[in-house]
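One structure is given here, and the rest of the page talks about it.
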Amino acid sequence: AYYTEAMAKGRLTVNGQMTPVTYLCRDGDAIRHHVHRHEPPVTSDRVQVVSLSDDLVAVNKPASVPCHPGGRYRRNSLISILAKEHDLYDLHTVHRLDRLTSGLLLLGRTKEASEAVRKEFEEGTVKKQYLARVIGRVPAGRTIVDQPIGCKSQREATHEIAPDGKPAQTAVTEIARMGDQSLVLCEPITGRTHQIRLHLQYLSTPIANDPLYGPAAVRAVSVHRPLCGGAKRPSDDEASDDRDGSVKRVKADETSTEGMPGADATSNVKAELSSNVEPSANEPSAP
């Protein structure tokens, strides 16, 4: 019924001409289907080009904007916005940031440059740092979260900590405390989808405004799903005894969390520290 109406109204044409539904297609016919799409809105913040060379372009990607067309997004993707607003065409993705994450993103202007930089990311020679505002407190010092990540639902594009997932490691360090929330530095050692969000959720310190793995998801997981390896998170009293700034490794087969798998949204949250922020013991002193 839809295609009959589309042909009658000229939205579905053959060789640029309206044709009856009885038309039999032949070799070489060009069929065109005009579709009106409504894309989800994204931020109106302008995409800032930080650096531009013959090989690469570095941009400050705003939160809510996906890196490339896909799913519900086409014109409201970073690639399309750069073409329309900055006359930058035929860009190649080198790495990506989650749609809800803001931060520095590199794009290649040639295939050769893109492959060279992508190889550096794959080999782990590029250091990445993210800031996240989380609920609660992470263990003091530098904590290495070593938990495998697997796909939970391809349809819903969600992931989870899974024993048979791909290896994933994230270093987490507390920077400052803001009441019942904390500002943490996250340094992904591997680059799995939703990795930072999931590892912060695993520590029971989810990103405050994460719609997928945030506080509500943590409560649901703690009630319905045991953690990989049946690990249990130390109590606050136990954790407070080890706040000496040492490096700790959190693995499913040797430690902890009463909590859960899951967490990606604004892992690159830009936090403005006001005068009422209580500095953490791990915060570097001013020079």
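Tabulated results
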read-out	value
Estimated FRET transfer efficiency when R0 is 35 angstrom, pair LYS111-THR4 (beta carbons, to 0.05)	0.20
Approximate shape of the stretch 74-127 as ellipsoid semi-axes (Cα gyration tensor, √5λ), whole Å, largest first	21, 15, 7
Distance from the stretch 90-113 to the stretch 138-192 (C-alpha centre basis), Å	22
Per DSSP, loop GluC sites (Glu not before Pro) in the stretch 83-190 with at most 12 further Cβ within 10 Å	GLU123, GLU156
DSSP-loop trypsin sites (Lys or Arg not before Pro) across the stretch 106-141, with at most 14 other Cβ within 10 angstrom	LYS127
Long-range amide H partners of SER204 with built H, under 5 Å	MET260
SER53-GLU187 FRET efficiency (beta carbon distance; Förster radius 25 Å; 0.05 resolution)	0.45
Neighbour-limited loop hits for trypsin sites (Lys or Arg not before Pro), the stretch 19-68 (at most 15 other Cβ within 10 Å; DSSP other than H, G, I, E, B)	ARG26, ARG37, ARG46
Entries of LYS128/LYS248; LYS9/LYS61; LYS111/LYS248; LYS61/LYS152 with Cα pairs more than 30 Å apart	LYS9/LYS61; LYS111/LYS248
FRET efficiency estimate (nearest 0.05) - Cβ-Cβ, ASP164 to ARG11, R0 45 angstrom	0.45
Projected label distance in nm at GLU39 and ARG75, using a 7 Å step from Cα toward the beta-carbon	0.8
Heavy atoms of MET7: accessible area, 1.4 Å probe, square angstrom to 10	30
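The values are calculated or read from the model by the stated rules, or taken from the named source; none is laboratory data. In this text the structure is predicted, and so the values were computed from the model without any measurement. Cβ sites come from the backbone with ideal geometry, for glycine too, and all protein chains shown count toward neighbours. Areas reflect the complete protein model, heavy atoms only, side chains present, ligands, DNA and RNA absent. Shrake-Rupley method; radii C 1.70, N 1.55, O 1.52, S 1.80 Å.
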